[in-house]
Amino acid sequence: MQIILQPVLFQLGERFTSTLVKVLSKEFNSSVSSASLITEIPVQLFDKQRNQWKSNEILQWLLDKRRPNRATTKILAICDFDAYSNHLNFVFGEAYLDGSISAIYLSRLRQEFYVLKADEYLFYQRIVKEAVHELGHAFGMNHCRNTSCVMHFSNSLSDTDIKESQFCNVCKGIIGNLHPWQQ
Ligand SMILES: [Zn+2]
Ligand SMILES: [Zn+2]
């Protein structure tokens, strides 16, 4: 499988991109590359009343725009804005389960969003965790009950901060069976 990082309205720095590439290629045993920045999104995908983007529609738009090969490719959009989905007030990310499109939304991963002092290290750690989590869904993984597993559901940032950026042993076994890459 190949993973493509798709920056949207935000360019991750080179150093952090290489960290992310390293983590993702190890966790998913896949090759990871970066697509060129998307600088514009159709305004219809924005909810003016809520002042948030519509995550469902962002995923659908990316799918239509990129048309990735489902058998070989997973796209992770890295979006520097806030989004919501269905009944959820906001989402840190969303993915089509066992599909080829996933996205993470960075606004709420920054300390500044909560009027706290900026912390770049924490911000990047959160991005890595959310990236592995959403790609996990794209690779067919469901949520895990283990609070330190990356597939644990994050209802709030403290859930994200508690968990690790890796799959627990149970999830490692599951993803290994879904995608038997040792052949
Ligand atoms: Zn999830
Ligand atoms: Zn797990």
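Among the residues of segment 49-60, is there at least one that is at pLDDT 95 or above, of a type outside the set (Phe, Trp, Tyr) and assigned to a strand (DSSP E or B)?
yes
Let's see how each residue does on (1) more than 14 Å from the chain's Cα centre (by Cα); (2) of a type in the set (A, V, I, L, M):
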| position | (1), (2) |
| --- | --- |
| Leu59 | no, yes |
| Ile78 | no, yes |
| Asp82 | no, no |
| Arg110 | yes, no |
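Name every residue in segment 135-162 that is near ligand 1 (Cβ under 9 Å from one of its atoms), more than 19 Å from Phe90 (Cβ to Cβ) and not hydrophobic (A, V, I, L, M, F, W, C), in order of residue number.
Once the filter is applied, which keeps residues that are near ligand 1 (Cβ under 9 Å from one of its atoms), more than 19 Å from Phe90 (Cβ to Cβ) and not hydrophobic (A, V, I, L, M, F, W, C), segment 135-162 yields Gly136, Asn142.
Cβ-Cβ distance below 6 Å, separation of 6 or more or different chains: which pairs start in segment 111-135 with a residue that is more than 20 Å from Glu27 (Cβ to Cβ) and end on one that is of a type in the set (Gly, Ala, Ser) and assigned to a helix (DSSP H, G or I)?
Phe113/Ser107
Condition first: exposed (fewer than 14 other Cβ atoms within 10 Å of the Cβ), free of Cβ contacts under 8 Å to residues at least 24 places away in the same chain and assigned to a helix (DSSP H, G or I). Can you find one or more residues in segment 29-42 that meet it?
Taking every residue of segment 29-42 in turn, none turns out to be exposed (fewer than 14 other Cβ atoms within 10 Å of the Cβ), free of Cβ contacts under 8 Å to residues at least 24 places away in the same chain and assigned to a helix (DSSP H, G or I).
Could you check, for segment 96-112, whether at least one of its residues is within 11 Å of ligand 1 (Cβ to nearest atom), touching a helix residue (DSSP H, G or I) at 6+ places or on another chain (Cβ under 7 Å) and modelled with pLDDT under 95?
Yes, there is a match, as at least one residue in segment 96-112 is within 11 Å of ligand 1 (Cβ to nearest atom), touching a helix residue (DSSP H, G or I) at 6+ places or on another chain (Cβ under 7 Å) and modelled with pLDDT under 95.
The values are calculated or read from the model by the stated rules, or taken from the named source; none is laboratory data. All values derive from a computational prediction rather than experimental measurement. Glycine also receives a Cβ, built like all others from the backbone with ideal geometry; neighbour counts cover every protein chain displayed.
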